[in-house]
1. What is the gain in length, in nm to one decimal, between residue 133 and residue 215 on full extension, counting 0.36 nm per residue of separation less the C-alpha to C-alpha distance?
2. In what order do 101, 224, 81, 196 fall by count of nearby beta-carbon atoms within 10 Å, going from fewest to most?
3. Multiply the residue gap between residue 262 and residue 316 by 0.36 nm, knock off their C-alpha separation, and tell me the result in nm, one decimal place.
4. Can you sort 201, 105 from fewest to most other Cβ atoms within 10 Å of each residue's own Cβ?
5. Which of rounded, prolate, oblate describes the stretch 283-328, given a ≥ b ≥ c as roots of the alpha-carbon gyration tensor eigenvalues and a/c under 1.5 marking rounded, otherwise prolate only if a/b is larger than b/c?
6. Provide the gained length on full extension for the span residue 275 to residue 107, in nm with one decimal, where the gain is 0.36 nm per separating residue minus the Cα-Cα distance.
7. The stretch 52-68 to the stretch 212-238: how many Å between their Cα centroids?
8. Using Cβ counts within 10 Å as a stand-in for footprinting exposure, how do 147, 323 rank, fewest first?
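All of the numbers you see were taken from the coordinates with simple rules; none came from a lab. The shown structure was predicted, so the numbers you read here are calculated from the model rather than taken from an experiment. Here Cβ is always computed from backbone atoms with ideal geometry, including for glycine, and neighbour counts include all displayed protein chains.
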Ligand code: SD4
């Protein structure tokens, strides 16, 4: 951890970097391949998730099945500490999960504040397919999951419980601000995934245990259609990771898709959504946000606030982890 004083000092340097950054960054623009399928997802836990999605896509499957299968991988992996089973608990020691899913037809489903269920994305899909609603929350979402055959599981692992107890003991305050010294490290966070299948159908999924040690009852951007995820089959899709409150205040994923509708490339649209945050939210330098986007031509891109965000890409020709360009530059 860094002291508050050195944090502030570093933040002001970052601010100086930000104004330079706005003049100098050059966005990577991926040329349209018109070659489907494509799947992209946030962070390096997106690599194995993309492989699972690819199995569906390469067999000619629907992108909706692909994104669900993909994000179930980190949800079920107790070593991924920010998604599904093994997620970091809230301040009261409970693991509460948020997730949403959306397809090319604009159908959407979401669950928030869901406990005891390893795969919230599959519950969100059932909300979309079996109910007249978009979002179920808390006990109602749990009952719906149990009524539909999901098993109740213990999501809090021994390791996370031990850390949480230590956190309680130290009486630390919750902070969703980033630890600047850690931002380039192997950050594992929310998984947001976007896929376009052989037939050009785009779907997206987003799932998370949310900010670690958040207030009990807090819901972030990840299950909010338009904030953590948005898909419009005629345009493309976008998804977000990072401090959810900033994404919610700017309806980031919807914004990215609307900017692509107006003709921006995916990376430029993500950059503009970050610029909106930088303009509207005074302490944005102390947060990380990463957007990724995919358009209907199969072009993709990303942008983030702090250096250190990466995303996983899988196409017929590539399997790679790409470092996103950032608004703030390295010190
Ligand atoms: C949230 N956006 O709950 C999620 C958490 C996250 O990087 O993505 N952290 O606010």
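1. Separation in residues times 0.36 nm, less the Cα-Cα distance, equals 26.9 nm.
2. 81, 224, 196, 101
3. Here the segment from residue 262 to residue 316 would lengthen by 16.6 nm.
4. Ranked by crowding around the Cβ, least crowded first: 105, 201.
5. It is prolate, given that a/c is not under 1.5 and a/b is the larger ratio.
6. 57.6 nm
7. Centre-to-centre distance over Cα atoms comes out at 21 Å.
8. Listed from fewest to most nearby Cβ atoms, that is 147, 323.
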